[in-house]
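Here's the structure, in structure tokens; my notes come after.
The values are calculated or read from the model by the stated rules, or taken from the named source; none is laboratory data. Since the model is a prediction, treat every value here as computed from it, not as a measurement. No Cβ is skipped: glycine too gets one built from the backbone with ideal geometry, and neighbour counts run over all protein chains shown.
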Amino acid sequence: MEKRKIEVSLSPALFSSYYHNPECNVVVVDVFRATSAMCTAFHHGVKEIIPVATVEEAISYKKEGYLVGAERNGEVVEGFDFGNSPFSYMGDEIKGKTIVLTTTNGTKAIAIAKGVNEILIGSFLNLSALAEYLIEDNKDVLIQCAGWKNRFNMEDTLFAGALVQKLLESSDFGNLADSAVAASHLYEVAKDDLYKFLEKSSHRNRLKRLNLDDDIRFCLEVSKFSVVPIFKEGVLVEKNEFVSAS
């Protein structure tokens with residue numbers, strides 16, 4: 001029996017040219033901080049999240065009365081309710097609500113990945129739950145790193161390596177692209193202290209300059225939540241909500 005395939009796209013710019021496979025499951029990851037914030041929001045009771053690529057789209061939703069998060073270059077866009085700090089998505093005001101979110105990298109990576117079997121949201125925070133879902137779903141997996149403005153970044157690739165290692169715990173997987181092998185090796189070097197390993201990485205330092213070190217540490221916590229956000233019909237919902245509604 002042929003082993004299931006795992007690939008890693010190290011930048012959204014590579015997706016449409018090299019990695020688009022309508023039969024696979026795509027995991028979008030933006031560790032610092034969009035997908036970490038999404039997982040946090042679902043753990044704390046948000047009903048759904050509408051990811052949009054542009055600030056202009058976010059403005060139109062805000063005019064309609066939605067709660068809207070908008071982040072660019074690590075900072076909250078003026079006039080919006082939230083940025084993309086996970087700590088912004090823990091309060092009672094989000095429970096049962098629909099939130100609209102646009103970020104520098106993460107929501108754009110979701111938009112690029114449309115047209116595949118399923119789009120799932122990954123972060124260190126939901127690593128184990130996500131891996132369990134992917135193992136059970138019997139599809140090839142592509143991990144789409146959001147990167148930084150279409151460039152490679154370290155933290156998303158480390159997550160990709162962590163997920164590769166989790167998936168390899170199942171004998172169904174074993175057909176690894178070179179990108180998956182490389183990400184796995186990188187994670188193996190870093191896994192004992194992710195925070196220290198990322199000390200010189202560009203986005204960790206970008207956030208540190210904005211006094212967001214607590215966000216960094218939180219986003220590197222492993223398997224804290226059991227949620228698996230899934231993109232369906234233009235919105236993100238928690239997988240159990242989608243199953244119960246279908």
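Worth pointing out:
- Look at (1) crowded, with 17+ Cβ neighbours inside 10 Å; (2) modelled with pLDDT under 95; (3) over 16 Å from Cys39 (Cα atoms); (4) among the polar types (S, T, N, Q) and you find that Asn84 fails only one, number (3).
Yes or no, residue by residue, for (1) over 17 Å from Phe225 (Cα atoms); (2) crowded, with 23+ Cβ neighbours inside 10 Å; (3) under 16 Å from the mean Cα position of the chain (by Cα); (4) not charged (D, E, K, R):
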| site | (1), (2), (3), (4) |
| --- | --- |
| Ala37 | no, yes, yes, yes |
| His43 | no, no, yes, yes |
| Gly79 | yes, no, no, yes |
| Thr104 | yes, no, yes, yes |
| Lys114 | yes, no, yes, no |
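- Only one entry of Ala70, Ala109 meets the criterion of being more than 16 Å from Val31 (Cα to Cα) and buried (at least 17 other Cβ atoms within 10 Å of the Cβ), and that entry is Ala70.
- Residue within the range 128-141 that is out of contact with any Gly (no Cβ under 6 Å at 6 or more places or on another chain), under 25 Å from Glu71 (Cβ atoms) and part of a loop (DSSP other than H, G, I, E, B) present: no
- Among the residues of the range 90-107, those identified as closer than 19 Å to Val55 by Cα and not hydrophobic (A, V, I, L, M, F, W, C) are Thr98, Thr102, Thr103, Thr104, Asn105, Gly106, Thr107.
- Residue in the range 155-165 that is of a type in the set (Gly, Ala, Ser), surrounded by 21 or more Cβ atoms within 10 Å (Cβ to Cβ) and part of a loop (DSSP other than H, G, I, E, B) present: no
- Ala177 touching a helix residue (DSSP H, G or I) at 6+ places or on another chain (Cβ under 6 Å) and at pLDDT 95 or above: no
- Long-range neighbours under 9 Å by Cβ, at least six apart or interchain, first residue closer than 20 Å to Gly122 by Cα and surrounded by 14 or more Cβ atoms within 10 Å (Cβ to Cβ) within the range 209-225, second at pLDDT 95 or above and of a type in the set (Asp, Glu): Ile216/Glu155; Cys219/Glu155; Leu220/Glu155
- Of everything in the range 137-164 that is in contact with a strand residue (DSSP E or B) (Cβ under 9 Å, 6 or more places away or on another chain) and aromatic (Phe, Trp, Tyr), the residue that is farthest from Leu120 (Cα to Cα) is Phe152.
- Only a single item in (1) part of a helix (DSSP H, G or I); (2) within 19 Å of Leu198 (Cβ to Cβ) is not met by Thr104, and it is number (1).
- Checking the stated criteria, Glu7 turns out to be within 20 Å of the chain's Cα centre (by Cα), outside any loop (DSSP other than H, G, I, E, B) and of a type in the set (D, E, K, R).
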